[in-house]
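Chemist: The structure is given below, and queries will be raised subsequently.
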Amino acid sequence: MRPHAIYTSRCKQFNRTKLVASSDIEYKKTKLIKQGKKRIAEKFENLAKWVSEKYNVNVLDIQEEFMKHNSKVKIAVHLETHKDAMEFREGEDWWTNFDSIKQNEIAEKYLEIGNLLKVPINGVLGKVIKRNPKVEDVFVSFSAFEPIAREEANGLIPEKRIERLYKDLKLPEVWTISRCFRSATLFVYKDEQKDKIKNSTEFKLIEEKYFELLKEYDEFNYWKRENFGIRIDSKQNFDDNYESNWYYYYK
């Protein structure tokens, strides 16, 4: 199984309102909105406008779902860029917690606007009687569209076109070019070949040609030359430290 396919299948473990991979239904819905082929749900138009203006970000879509495991309403805010999404993190890294103050502000606005997804009352009657949620019943999450769109563009390049990049240059030291998510890695056969290929004009040419291919599939013009580069590794490292297994390598 190719690494891109491995990661696509692994990402399905996440819930349905989070943008994780280009195969997600919610990503495809948000993409239609970005393309202008679909509109955000009418009930969320005012909330999306409010969030966009208050925090100076671009909200593409908002979706909701009831989470049975904790009896909360999840409001999933799908922002356009990674920078937009980082506006709602406590720290400067993407793995830091969501900003709880901003979560509560958005939850309060959601309740104020109305047309709410109701939650069960406590007790045995919860299955049949529901009530409007309170702020503590609402969990707001944030995802970015741009990183997944960039990943999709990378995955859309036909394998044969990538192979041609190094085969046309007749580089015997190159084993393959592997893709996963938004990355591309050129593999030489031996560790000692990495420095030689890294400093070669052929490698720089491969990078430029790969970027040209990438732009052909970059529908929203998210990929920029300054945020693209091909990493270098060796088949020796892949075999010795990852059991020649793409799953282990990209895990």
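Chemist: List the relative contact order of the stretch 157-250 as a percent without decimals, with contacts defined as Cα pairs under 8 Å and 6+ residues apart.
Modeler: 32 percent.
Chemist: Step through the residues of the stretch 74-79 one at a time and calculate ³J(HN,Hα) from phi using the Karplus curve (6.51 cos²θ - 1.76 cosθ + 1.60, θ = phi - 60°), rounding each to whole Hz and writing x for Gly and Pro.
Modeler: Along the stretch 74-79, the couplings run 9, 10, 9, 9, 9, 8 Hz.
Chemist: Please compute the Kirkwood hydrodynamic radius over the stretch 157-250, one decimal place, Å, based on all pairs of different Cα atoms.
Modeler: Over the stretch 157-250, the inverse of the mean reciprocal pair distance is 13.9 Å.
Chemist: Using a simple charge model, +1 on the beta-carbon of Lys and Arg, -1 on the beta-carbon of Asp and Glu, nothing else, what dipole does the chain show about its Cα centre, in debye to the nearest 20?
Modeler: Magnitude of the dipole: close to 940 debye.
Chemist: Also, quick follow-up: Under 5 Å between amide hydrogens, which residues at least 5 positions from ALA184 or on another chain qualify, with H placed 1.01 Å from N in the peptide plane?
Modeler: Amide H to amide H, under 5 Å and 5 or more residues apart or across chains, ALA184 pairs with ARG231.
Chemist: Please list 3J(HN,Hα) in residue order for the stretch 227-237, calculated via the Karplus relation 6.51 cos²θ - 1.76 cosθ + 1.60 where θ = phi - 60°; whole Hz, with x for glycine and proline.
Modeler: Once θ is set to phi - 60°, the couplings for the stretch 227-237 become 10, 10, x, 9, 7, 10, 9, 10, 5, 4, 5 Hz.
Chemist: Mind listing the phi-derived Karplus ³J(HN,Hα) values for the stretch 54-59, rounded to whole Hz, using 6.51, -1.76 and 1.60 with θ = phi - 60°, and x for any glycine or proline?
Modeler: Once θ is set to phi - 60°, the couplings for the stretch 54-59 become 5, 10, 6, 10, 10, 8 Hz.
Chemist: Pick out, from ALA184, ILE230, PRO120, the residue whose Cα sits farthest towards the positive end of the charge dipole of the chain, with +1 on the Cβ of Lys and Arg and -1 on the Cβ of Asp and Glu.
Modeler: PRO120
Chemist: Quick check: convex hull over the Cα atoms of the stretch 43-113, volume per residue in Å³, rounded to an integer?
Modeler: For the stretch 43-113, the hull spanned by Cα atoms encloses 94 Å³ per residue.
Chemist: Could I ask something else about it? Relative contact order of the chain, please, whole-number percent, based on alpha carbon pairs below 8 angstrom and at least 6 residues apart.
Modeler: 17 percent
Chemist: Separate question: Per the helix-only calculation at 222 nm, which mean residue ellipticity applies to the chain, given -39500 (n - 2.57) for every DSSP H run of n ≥ 4 and division by its residues, nearest 500 deg cm²/dmol?
Modeler: -11500 deg cm²/dmol
Chemist: How about LYS29: which lysines have a C-alpha closer than 17 Å to its C-alpha, ignoring those fewer than 8 places off in the same chain?
Modeler: Partners within reach: LYS12, LYS18, LYS37, LYS38, LYS43.
Chemist: How would you classify the stretch 77-192 from its alpha-carbon gyration tensor, with a ≥ b ≥ c the square roots of the eigenvalues: rounded for a/c under 1.5, else prolate if a/b is greater than b/c, otherwise oblate?
Modeler: Verdict is prolate for the stretch 77-192.
Chemist: Name the residues whose placed amide hydrogens come within less than 5 Å of the amide hydrogen of VAL140, ignoring near sequence neighbours (fewer than 5 apart) on the same chain.
Modeler: Under 5 Å from the amide H of VAL140: ILE75.
Chemist: Would you pull out the residues with amide H under 5 Å of ASP99's amide H, same chain only if 5 or more places away, H placed 1.01 Å from N?
Modeler: Amide H neighbours of ASP99, under 5 Å, 5+ apart: ARG89, GLU90.
Chemist: Still on this model: One quarter of the convex hull surface, Cα atoms only: what value does that give for the chain in nm²?
Modeler: For the Cα atoms of the chain, the hull's average projected area reads 16.4 nm².
Chemist: Oh, and also: Can you pull out the chymotrypsin sites (Phe, Trp or Tyr not before Pro) in the stretch 33-108 that DSSP calls coil and that have at most 10 other Cβ atoms within 10 Å?
Modeler: Filter output for the stretch 33-108: TRP95.
Bear in mind these aren't lab numbers, they're just calculated from the coordinates by the rules spelled out. Keep in mind the model is a prediction, meaning the values are calculated, not measured. All Cβ positions, glycine included, derive from the backbone under ideal geometry; neighbour counts span all protein chains shown.
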